[in-house]
Every structure is written in structure tokens, then in C-alpha cells.
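Please read the structure below before turning to the comments.
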Amino acid sequence: MELIISQSIKTLNDYCAELLSKCIKEKNEAKIGLATGNTPIGIYQSLVSLFQSGEVDFTNVRTYNLDEYLGLPKSHPSSFYSFMRRHLIDHVNLKEEHINIPHGKIASPEQECIRYNHILAQAGKLDVQILGIGLNGHIGFNEPSASLSPHTHIVKLTEETRRVNSPAFSSLDEVPTHAITMGVASILRSKSILFMALGKEKSKIMKQALEGPVTTQCPASLLQLHPNCTVFIDEKAASELDVKNNIYDVQYI
Ligand code: F6R
């Protein structure tokens, strides 16, 4: 597994944005899986800068988000749709019809899972999937469990996840209890994965995810099975990794 380490988060963000921009230039209709959360915000900022300086054009780019809170309308400030608008969509020339995010406020969540699965199936393999990791090892909202669902499904959020995500809401009670998420098969289907982790608080779970057993109790550990997953990590999040281990191809930037 390729491990790209830097002490500078800005350097990592710029590097990732350059990779994404290269992919967008090379493919006619690049398909990119997007994540929300604090981790990718800097990548989106760097991408917006590349767009503003004319280095990348999103006209033909298709995006597919990992997840959305169940029960939140698009317009809710804490919905992942609003997050994407704030951090990327409002600042670049992505076409509305090319943006795919599960709908959180719908009469039938089950139907929404089927609809989103269908969209992913039509898209085929994404070119790049951006991923962060939860403190409990979740990817998308695939929470640790005795078994994992391969395709888009409704998930009950753990109390830890609700607590960790509560700063985006006015109180813990307002954090939805459920979400719609892409399943692990859909995530692993991507041609390449850009897996990012930042900060000391992610160091323990990154050790488990990358060097521990592959287990549904740490969904991110399944990324060890992906043939083209590159980890972008700052020195703090990498502090517990055995970087000399030959499972890694390490590059310092
Ligand atoms: C976001 C997502 C989550 C986050 C994870 C880490 O769409 O699916 O898996 O990547 O919760 O969040 P941050 O980056 O806020 O630490």
C-alpha cells in the first residue's frame, strides 16, 4: 500500500487536489466519489483554487457522495448536500445534473437506497473515491459490525459517531440517528481510493485499519484488500504506524 506522509496538511491537500485535477484532465468524464467531514475540506479548497486559476474544468465531471443523514432535507445547513455546496459545488462549474448525493428527506428510504444503487451501477467503476475514516474505523457510514452491507443501505449511527459529528448541529439531540450510505462493495469497486487521515486522534484507528486484521469490526481495514488504495496521512496520524514495514511503499512529501 502506498503511504504518502507529510508534516504539512496543506502539502497533502495540494498533492491530492493535483492528483484529482490530473484525473479530471485525463478522463473525458471523470467519476469521482466524494466524502464529507473535516478531513477533505482542504482538498476541496485546493481544488477550488485550481479551478479559479483555470487549471481544472468540472464541466464533464460526475460526482457521487458516500452518504447523507436520513431525515435532513437538502436545504438543512448540516446536510451533506449543503456541506458539498459550501465547500465545492458553489465555487466550481460542476453541473447540477452531474452531482449525485443520496436524498435524506424522502418518503421511502428503502426506495432511495434502490435509486442510489442504480445510479452507482450505471456509473460503473468510479475513477477515484475520496475517503476519510471515523474514530471507530467507519468508512462512509459503514459502522463497525458483525457483518457489513455491500450496497447502499440505511444504517443506524453509533452514539460515538453522533457525538463526534454533533458540532455540525446545534445540539446532540438534533444529530440524526440514521443515515443512507454507500456499501463497502460499492466503495471497493472504485478504480482507485484516495484515503486521507489527519491528526493525532486518528493515529490509533489508522494503526488498526492498516496493520490490524481485516475485519468488519474496523470497516476501513477492508481497504487493505484494495489493489489501488493510496493513504495520505500527516505525521501525527501516522505516528503509530510501523512505516518501515514492507507492507508499505512510503513517500515523504
Ligand atoms: C463522510 C464520511 C465519514 C467521514 C468520517 C471522518 O462522508 O462518510 O466516513 O469520512 O466520519 O470524518 P472527519 O473527516 O470529520 O474526521
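Rule-based calculations on the coordinates, nothing more; no lab input. On a predicted model such as this, the values are computed, not experimentally measured, just so you know. Methodologically, a virtual Cβ is constructed for each residue, glycine included, from the backbone with ideal geometry; neighbour enumeration extends over all protein chains shown.
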* Counting alpha carbon pairs within less than 8 Å and at least 6 residues apart, what relative contact order, in whole percent, applies to region 106-159? -> 36 percent
* Asked: What are the lysines whose alpha-carbon lies under 23 Å from the alpha-carbon of Lys22, with same-chain residues fewer than 8 places away excluded?
  -> Lys10, Lys31, Lys95, Lys125, Lys191
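Tell me the relative contact order for region 1-136 as a rounded percent, counting alpha carbon contacts under 8 Å between residues six or more apart.
Reported as a whole number, the value is 29 percent.
Return the inverse of the average 1/r over all pairs of distinct C-alpha atoms in region 136-220, which is the Kirkwood hydrodynamic radius, in Å to one decimal.
Result for region 136-220 stands at 13.9 Å.
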* Asked: Once the other residues with Cβ under 14 Å from the Cβ of Val243 are scored (Lys, Arg +1; Asp, Glu -1), what is the net sum?
  -> -4
* Asked: In a shell of Cβ-Cβ distance under 15 Å around Glu96, excluding Glu96 itself, what net charge do Lys and Arg (+1) and Asp and Glu (-1) give?
  -> +2
* Asked: So who's got an amide H within less than 5 Å of the one on Ala35, skipping anything under 5 residues away but keeping other chains? H placed 1.01 Å off N, in plane.
  -> Ile130
* Structure fact -> Taking 199-205, 188-194 and ranking on average Cβ neighbours within 10 Å, highest first, one gets 188-194, 199-205
* So which lysines can Lys105 reach, going by Cα to Cα under 18 Å and dropping same-chain residues fewer than 8 places off? -> Lys74, Lys156
* Net charge near Ile24, counting Lys/Arg +1 and Asp/Glu -1 over other residues with Cβ under 12 Å of its Cβ? -> -1
* Using a/c under 1.5 as the rounded threshold, could you call region 20-64 rounded, prolate or oblate? The axes a ≥ b ≥ c are square roots of the C-alpha gyration tensor eigenvalues, and prolate needs a/b larger than b/c, oblate otherwise. => oblate
* **Cβ crowding within 10 Å averaged over residues, with 15-24, 236-245 ranked highest first** => 15-24, 236-245
* Built amide H within the under 5 Å cut-off of Phe232, gap 5+ -> Ile4, Phe195, Met196, Ala197
* To do: State, to one decimal in nm², a quarter of the convex hull surface area for the C-alpha atoms of the chain, i.e. the direction-averaged projected area.
  => 12.6 nm²
* Asked: Suppose every K and R has +1 on its Cβ and every D and E has -1 on its Cβ; what is the size of the dipole of region 1-99 about the Cα centre, in Debye to the nearest 20?
  -> 100 debye
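Looking at the calculated P(r) for region 59-149, what percent of the C-alpha pair distances fall above 15 Å?
66 percent
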* Asked: If one computes the Cα centroid of region 27-62 and of region 114-134, what distance in Å separates the two points?
  -> 16 Å
* DSSP beta bridge pairing in the chain, given as percent antiparallel to the nearest 5 -> 25 percent
* **Fraction of alpha-carbon pairs over 15 Å apart in region 1-110 - percent** => 66 percent
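Size of the dipole of the chain about the Cα centre, Lys and Arg at +1 and Asp and Glu at -1 on the beta carbon, nothing else charged, in debye to 20?
Taking the Cα centre of the chain as origin, the dipole is about 180 debye.
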* Would you list the P(r) distribution for region 34-89, with all Cα-Cα distances sorted into 10 Å bins from 0 and each bin expressed as a whole %? => 22, 51, 24, 3
* About its Cα centre, how strong a charge dipole does region 112-162 have in debye, to the nearest 20, once Lys and Arg get +1 and Asp and Glu get -1 at the Cβ? -> 140 debye
* Relative contact order of the chain: what whole-number percent is it, with Cα pairs under 8 angstrom and at least 6 residues apart? -> 26 percent
* Structure fact -> Residue-normalised 222 nm signal for the chain, counting each DSSP H run of n ≥ 4 as -39,500 (n - 2.57), nearest 500 deg cm²/dmol, is -8500 deg cm²/dmol
* To do: Show the residues, 5+ positions off or on another chain, whose built amide H is closer than 5 Å to the amide H of Thr158.
  => none
